[in-house]
1. Could you give the nm distance between label points at D76 and D175, where each point is 7 Å from its Cα heading toward the beta carbon?
2. Using a Förster distance of 25 Å, how high is the FRET efficiency between F300 and E253, based on the Cβ-Cβ distance and rounded to 0.05?
3. Give a residue-ordered list of calculated ³J(HN,Hα) values for region 142-149 (Karplus: 6.51 cos²θ - 1.76 cosθ + 1.60, θ = phi - 60°; whole Hz; x for Gly, Pro).
4. What angle, in degrees between 0 and 90 and rounded to the nearest 10, separates the Cα long axis of helix 120-130 from the longest principal axis of the Cα atoms of the chain?
5. Show me, for region 45-51, the HN-Hα J-couplings you get by feeding each phi into the Karplus relation (A = 6.51, B = -1.76, C = 1.60, θ = phi - 60°), rounded to Hz, glycine and proline as x.
6. Any chance you could give the angle, 0 to 90 degrees and rounded to 10, that helix 17-29 forms with the longest Cα principal axis of the chain?
7. Just the accessible area for R71, please: 1.4 Å probe, Å², rounded to the nearest 10?
8. Test of understanding: in a Gaussian network model of the chain with alpha carbons linked when under 10 Å, which of G237, G148, G195 would top the mean-square fluctuation ranking?
Amino acid sequence: MKAKRHFMVTQAITAGPVLEFAADVRMGLTKSGQKELPSKYLYDDVGSSLFEVISVLPEYGLTRADERLLRRHASDIVERMPSQVVVAELGSGSGKKTRYILEALCRRQHTSYHPIEISPTALAMCQRELGDIDSISIVGFEREYLDGLLEVAARRKPGQQLLVLFLGSTIGNFDRAAGTEFIREVRHILHAGDGLLMGTDLEKPIPQLLDAYDDPLGVTAAFNLNLLARINRELDGDFDLKAFEHVALFNEEARSVEMHLRSLREQSVHVGTAGLTVAFAEGETVWTESSHKYSRQEVFELAEKSGFRCDAQWLDREWAFAENLLIAE
Ligand SMILES: C[S@@+](CC[C@H](N)C(=O)[O-])C[C@H]1O[C@@H](n2cnc3c(N)ncnc32)[C@H](O)[C@@H]1O
């Protein structure tokens, strides 16, 4: 008999996510010096769908490298974890690559899987993508990473261990210090012996990196510009999308690719819900996302600084990318 399949989404009980978005936009666009917008707002319905397209672009090798490593090494990864494992995934996106880990686990045990996402569109994709696996229960959380992980941890039963997935190099969206702090906070929620499977995009030649974040079809540009379109839709903004362009640049000091939106003329923009009128000089940019690139060795140091040990690291041969299994000490 097939085990029960189950999918459900627990939504965030937050007062006024629109007001929070408005407050963040106000803060980011009125900062002295470099204007900025938090990258988490890139992922509304349109943004999450565009990200799926980015992940199949020939220039963006990252997702395919991650997928190859998960496909090849899923059994080995799962064998390194004890028998009763509950899986939580931070920022699951569509969950496509996660299938390999879940199928390997479900071959040996009924598995509870908890995608944690701020994007309801991504959670819905995850349900469609993974709901057909035998012996799985999926309960998604529409939450920020750590809030969702706390919920999953609170539901764990005696004898169960957590395997947290943080795939696709989303760790790279934090600067290095904030990334270490974030992994430390993840560790505080876990017990000794729990696992964190983390993808890291590795350093590679700058032209290759810039192509990955500025494809000739303009999908990444649309993904970035959609943040302004989202402000127009949700916060009564009047950004003229034709008056901004997508820019990808390499920050040598931070070893990160930065995405910006550059104002093509001097202009003033009004965002009604944020009660904000903001002036842009010609050429001025809004910084929207960073993707930090790691060395292999740095992952071991990051693990050690945050209360984990790196138990295993798998490398892709075609695209410099590492899958790392960290075990909580
Ligand atoms: C770069 S995508 C990666 C998706 C997927 N893990 C992959 O490897 O293809 C980051 C995902 O994290 C989600 N996300 C971003 N910030 C978040 C936050 N603070 N809390 C929860 N989810 C977040 C986004 O909605 C998006 O789906």
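1. With each label point 7 Å from Cα toward Cβ, the separation is 3.6 nm.
2. 0.65
3. 7, 8, 5, 3, 6, 4, x, 5
4. Helix 120-130 and the main axis of the chain meet at about 30 degrees.
5. With the stated coefficients, region 45-51 comes to 3, 5, x, 5, 5, 5, 4 Hz.
6. 60
7. For R71, the solvent-accessible surface is approximately 120 Å².
8. Maximum fluctuation in the GNM of the chain, among the listed residues, is at G237.
The values are calculated or read from the model by the stated rules, or taken from the named source; none is laboratory data. Quick caveat: nothing in here was measured; it's all calculated off a predicted structure. Neighbour counts are summed over all protein chains in view; Cβ atoms, including those assigned to glycine, are modelled from backbone coordinates with ideal geometry. These area figures cover heavy atoms from the full protein model, side chains too; ligands, DNA and RNA do not enter into them. Shrake-Rupley method; radii C 1.70, N 1.55, O 1.52, S 1.80 Å.
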